[in-house]
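What follows is a short report on a single structure.
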Amino acid sequence: MEKVIFYILAIIMVTSAIAAVSSRKMLRSVVYLLFVLIGAAGLYFQMDYNFLAAIQLTVYAGGIVVLIIFSVLLIQHIEMELEVAGKYRQMISALLCLLGLSVFLATIYSHPFEAAGITSTTTTAEIGRALLSFDKQGFILPFEVISVLLLSAMIGAIVIAKGGKQIRQPGLEKIDPERILQKISEEVKEEKVPEEEIGV
Amino acid sequence: MIPGVSINEILTLTSILFFIGVYGFITRKNLISMLISLELILNSSIINFVVINKYLYPELLQGMVYSIFIIAVAAAETALAVAIIINIYRRTGSVEVSETETMKY
């Protein structure tokens, strides 16, 4: 039963990952990414890591995907079609990826993994103690560093997104006083010449 | 561990996901699509950490804690990337890779 569920999850994840990188509509590829992330959360549930699955669902599927959807909606229309690389380039990169995948698979299947065979449930209290302990296996320093990192990333995101007040449209060029003066003088000259001709 | 599923099958799944992400990163020309491919790559590496922890060292917590840290870093990275992309769009009016050549105005 669990094997069947795992294979169903794997098929869903692989097909929606392929759709996410090959769909020509941006919003659809974000939704396919959401399917991949939810499939990964299902894998964690199967492996009895409930806390990690909850984190995956809230942070990834709830936070990051919504952030990307917001940026897509801010940047372009929903039904806008994307540019894709040429056929030649697609073939070359697919071949390279298959080559790398075959190297990975050869390594994985030639290495003798010694599975422990014990199933132990990890409770959330154990994770909390591991994150906040000072012992040899504790993670108190990385935990503090990651909180500082999150704070600085938040401040940086606000500063970057607020900065840059000049709004420039694609066709509009930068305003340059000298160039405007030149244009005006050229226009004046062009206007003067026909008048003189008429006068003569 | 998942009964009846060996570690090789899960590692195969994650390497397939990883290379799909690499393929998307190479072939896409849009910054947001590249961000999506990056999320695929990060996610497959997180699954690898968790699987190796669960199958080979089930009494330890290292892989689990590392994957929590990777998720936190990925969230920070995505927030910054979206801020930068929106700023680039405001300045140049496009998010194509070929049109973002200069980093400073």
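Each value in this text was obtained by applying a stated rule to the coordinates, not by laboratory testing. Please read all numbers here as calculations on a predicted model, not as lab measurements. No Cβ is skipped: glycine too gets one built from the backbone with ideal geometry, and neighbour counts run over all protein chains shown.
Here are the numbers:
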read-out: Those residues of the stretch A:5-29 which are within 16 Å of B:T12 (Cβ to Cβ), facing chain B (nearest Cβ under 8 Å) and among the aliphatic types (A, V, I, L, M), in sequence order; value: A:A10, A:M13, A:V14, A:A17, A:I18
read-out: Scope the stretch A:1-57; condition within 29 Å of B:I26 (Cβ to Cβ), in contact with a Phe, Trp or Tyr (Cβ under 8 Å, 6 or more places away or on another chain) and not hydrophobic (A, V, I, L, M, F, W, C); matching residues; value: A:S16, A:S23, A:Q56
read-out: Residue count for the stretch B:36-49, restricted to those that are among the β-branched types (V, I, T) and more than 12 Å from A:Q56 (Cα to Cα); value: 2
read-out: Residues (among the hydroxyl-bearing types (S, T, Y) and closer than 14 Å to A:L52 by Cβ) located in the stretch B:46-105; value: B:Y66, B:S67
